[in-house]
Amino acid sequence: MSLLIKNGRIVTADDDYCADIYCAHETITRIEPTIDSSSLTDAGNLEVIDASGKLVFPGFIDPHVHINLPFMGTNACDDYESASKAALAGGTTTLIEMICPGPDDEPAAAFTEWRSLAEGLAAVDYTFHMAVVRFDELAQRQLRQIAEEEGIKSFKVFLAYKGAFNISDENLFALMTMAKELGVMVTAHCENAEAIASMQAQLIAQGKTGPEWHEPSRPTTVEAEGVHHLCAFAELTGAHVYCVHTSCDEAVRAAVEARHRGVNVWVEAVAPHLVLDKTYAERPDFEGAKYVMSPPLREKRHQETLWNGLRSRAISTIGTDHAPFKFHDQKSMGRNDFTKIPNGCPALQERVSLIYTHGVRKGRIDLHTFVDACSTQAAKLFGMYPRKGTVRVGSDADLVIFDPVAQRTLTVETSLSNLDYCAFEGWEVFGMPNVVTVRGEVQARDGRFVGSLGRGQLVDRKATHF
Ligand code: URP
Ligand code: ZN
Ligand code: ZN
């Protein structure tokens, strides 16, 4: 099946023009002011889509997703079926999942396990950030192999989560030296694990057990210290680093200061921090648990720093950190102790419309910044560009035909994730992905999945630096 998209307004990170797009054999093969369907040789096997009045974006890329996440005594509740459906309904055509093995697991076995959960089930294209939790000689050999032979050009480290995913400074330094040699990006969760553990113990001892105490247990200083720490190691080793889910002014400043010193550092924001503030985690009757994520939701003023950072390019990408745990069976594990609430605030399906509504429509970012942050930069930083992240001849035909004036309400009823709540329940949003294609096949229409499970592929990535 080939595809002809007519009369659309194509918007990329740096272009805005009207043209027709013809896609065959999974790629974009022609972009011209007018393409007449009768001129095409495969007219019998052609779907023509009229995109009049619509914006045509490159497929959106979510650079920070958890699907299989064994964490805090439970496992995240999506699989590649539910996550693909949610992603596609929301306009995301490629996602990067975090492989998060335990401290005793071999990286090679973890890679095989995570890949097997995606293969044959995913309907989006996908790749992985490989978390480094174990770093003995065997693990080092396997990590090299995963980077060199499996096309996984990014590692993930956790400076947080003492006793779980946390990496020691000794291993961090050695890993970053290796990453520099391999041309692999080191993505990092930047919060100081020891400070958090001490503050959590103090708060619990004082009887402060509700979800509203999650933020005070990991204040902005803890995150800024993490960013500074990572950047100092990057300065010493020459590694390229990417701070995931950066939530606050102090942390963004630490990254910008490091960049001024010549450190190769990039910053990710995630949708929940851009639109939610800490009062959500303070909601009564344990409702706040739905909003317990790390780093935590902050005071409202930090949202403007994040939007300004996107405008100035201090922040490169917007992901979700989709980490779905059900409210009733999973978040409830921490009813008497906030340190036991599985951390995560899911937004895979909602990201694009939330950012369009609260970013573009409110005049905080323009359309190009929106596309750049939600698609192009992730493709560039993680070795997928220009196959992904733009609309040009030769790129994968991953496209989002977007109705900019459609209005709808976000609710758990229309969520395709395996969740029992929607963090944005009742929110009105503008903008709707009408048609979403992955490599030339329509996978979602008007918020419904219409594609084929198993069509998703592991994206082959290139190293972006040496
Ligand atoms: O709260 C979060 N972020 N949960 C998922 C694990 C992580 O830190 O990314
Ligand atoms: Zn994290
Ligand atoms: Zn995460």
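In this structure, is G53 more than 16 Å from ligand 3 (Cβ to nearest atom), surrounded by fewer than 22 Cβ atoms within 10 Å (Cβ to Cβ) and at pLDDT 95 or above?
Working: more than 16 Å from ligand 3 (Cβ to nearest atom): yes; surrounded by fewer than 22 Cβ atoms within 10 Å (Cβ to Cβ): yes; at pLDDT 95 or above: yes.
Here the answer is yes, as G53 does meet what is asked.
Could you please tell me which pairs satisfy a Cβ distance under 7 Å, a separation of 6+ or placement on different chains, a first residue in the stretch 373-386 that is more than 16 Å from T246 (Cα to Cα), and a second residue that is aliphatic (A, V, I, L, M) and not in a loop (DSSP other than H, G, I, E, B)?
So the pair list comes out as S375/I61; A379/I61; L381/M185; F382/I96; F382/M185; Y385/A379.
Have a look at A83, A76, A123, A87 and point out the one that is assigned by TED's automatic domain parsing to the domain that holds V270 and more than 16 Å from ligand 3 (Cβ to nearest atom). Even if it seems obvious, please write down each step before you answer.
Working: A83 fails: more than 16 Å from ligand 3 (Cβ to nearest atom); A76 fails: more than 16 Å from ligand 3 (Cβ to nearest atom); A87 fails: more than 16 Å from ligand 3 (Cβ to nearest atom).
None of the others qualify; the one that does is A123.
Any chance the stretch 176-183 includes a residue that's of a type in the set (G, A, S), assigned to a helix (DSSP H, G or I), touching a strand residue (DSSP E or B) at 6+ places or on another chain (Cβ under 7 Å) and within 21 Å of G383 (Cβ to Cβ)?
Step one: list which residues in the stretch 176-183 are of a type in the set (G, A, S), which gives 179, 183.
Now drop any that are not assigned to a helix (DSSP H, G or I), which leaves 179.
Still in the list and also touching a strand residue (DSSP E or B) at 6+ places or on another chain (Cβ under 7 Å): 179.
Among the residues that remain, those that are also within 21 Å of G383 (Cβ to Cβ) are: 179.
Within the stretch 176-183, one or more residues are of a type in the set (G, A, S), assigned to a helix (DSSP H, G or I), touching a strand residue (DSSP E or B) at 6+ places or on another chain (Cβ under 7 Å) and within 21 Å of G383 (Cβ to Cβ).
Tell me, please, whether a residue that is polar (S, T, N, Q), more than 16 Å from ligand 3 (Cβ to nearest atom) and out of contact with any helix residue (DSSP H, G or I) (no Cβ under 8 Å at 6 or more places or on another chain) can be found in the stretch 359-373. Steps first, answer last, please.
From the stretch 359-373, those polar (S, T, N, Q) are 369; that's our starting set.
Narrowing further to those that are more than 16 Å from ligand 3 (Cβ to nearest atom): 369.
Those still in the list that are out of contact with any helix residue (DSSP H, G or I) (no Cβ under 8 Å at 6 or more places or on another chain) too: none.
No, the stretch 359-373 contains no residue that is polar (S, T, N, Q), more than 16 Å from ligand 3 (Cβ to nearest atom) and out of contact with any helix residue (DSSP H, G or I) (no Cβ under 8 Å at 6 or more places or on another chain).
Please count how many residues of the stretch 223-252 are over 19 Å from Q303 (Cβ atoms), assigned to a helix (DSSP H, G or I) and either modelled with pLDDT under 95 or within 16 Å of ligand 2 (Cβ to nearest atom) (or both). Break it down stepwise before answering.
Taking the stretch 223-252 as the starting set, the residues that turn out to be over 19 Å from Q303 (Cβ atoms) are 225-226, 228-242.
Then drop every residue that is not assigned to a helix (DSSP H, G or I), which leaves 225-226, 228-237.
Then drop every residue that is not either modelled with pLDDT under 95 or within 16 Å of ligand 2 (Cβ to nearest atom) (or both), which leaves 225-226, 229-230.
Matching residues across the stretch 223-252 total 4.
Would you pick out the residues in the stretch 193-209 that are more than 16 Å from ligand 3 (Cβ to nearest atom) and either part of a helix (DSSP H, G or I) or surrounded by 22 or more Cβ atoms within 10 Å (Cβ to Cβ) (or both)? Working first, answer last.
As a first pass, look at the stretch 193-209 and keep what is more than 16 Å from ligand 3 (Cβ to nearest atom): 194-195, 197-209.
If the condition is that a residue be more than 16 Å from ligand 3 (Cβ to nearest atom) and either part of a helix (DSSP H, G or I) or surrounded by 22 or more Cβ atoms within 10 Å (Cβ to Cβ) (or both), then E194, A195, A197, S198, M199, Q200, A201, Q202, L203, I204, A205 are the ones that fit.
Any idea which residue in the stretch 96-119 is nearest to ligand 2 (Cβ to nearest atom), counting only those that are β-branched (V, I, T) and under 21 Å from L138 (Cα atoms)?
Residues of the stretch 96-119 β-branched (V, I, T): 96, 99, 112.
Okay, now just the ones that are also under 21 Å from L138 (Cα atoms), so 99, 112.
Values: I99: 13, T112: 23 Å.
Applying the filter and picking the extreme gives I99.
Scanning for something crowded, with 24+ Cβ neighbours inside 10 Å, modelled with pLDDT of 95 or more and within 16 Å of ligand 1 (Cβ to nearest atom), does the stretch 353-373 turn up at least one residue?
The answer is no; no qualifying residue exists.
Could you list, in sequence order, the residues of the stretch 69-121 that are within 16 Å of ligand 1 (Cβ to nearest atom), part of a loop (DSSP other than H, G, I, E, B) and among the hydrophobic types (A, V, I, L, M, F, W, C)?
Applying the first criterion (within 16 Å of ligand 1 (Cβ to nearest atom)) to the stretch 69-121 yields 69-78, 83, 95-103, 110, 114.
Those left that are additionally part of a loop (DSSP other than H, G, I, E, B): 69, 72-73, 76-78, 100-103.
Selection gives L69, M72, A76, C77, C100.
Examine the stretch 31-40 for a residue that is outside any loop (DSSP other than H, G, I, E, B) and within 21 Å of G389 (Cβ to Cβ), and state whether such a residue exists.
Yes, there is a match, as at least one residue in the stretch 31-40 is outside any loop (DSSP other than H, G, I, E, B) and within 21 Å of G389 (Cβ to Cβ).
The values are calculated or read from the model by the stated rules, or taken from the named source; none is laboratory data. All of these numbers come straight from a predicted model, not from anything done at the bench. Virtual Cβ from ideal backbone geometry, glycine too; neighbours counted across all protein chains shown.
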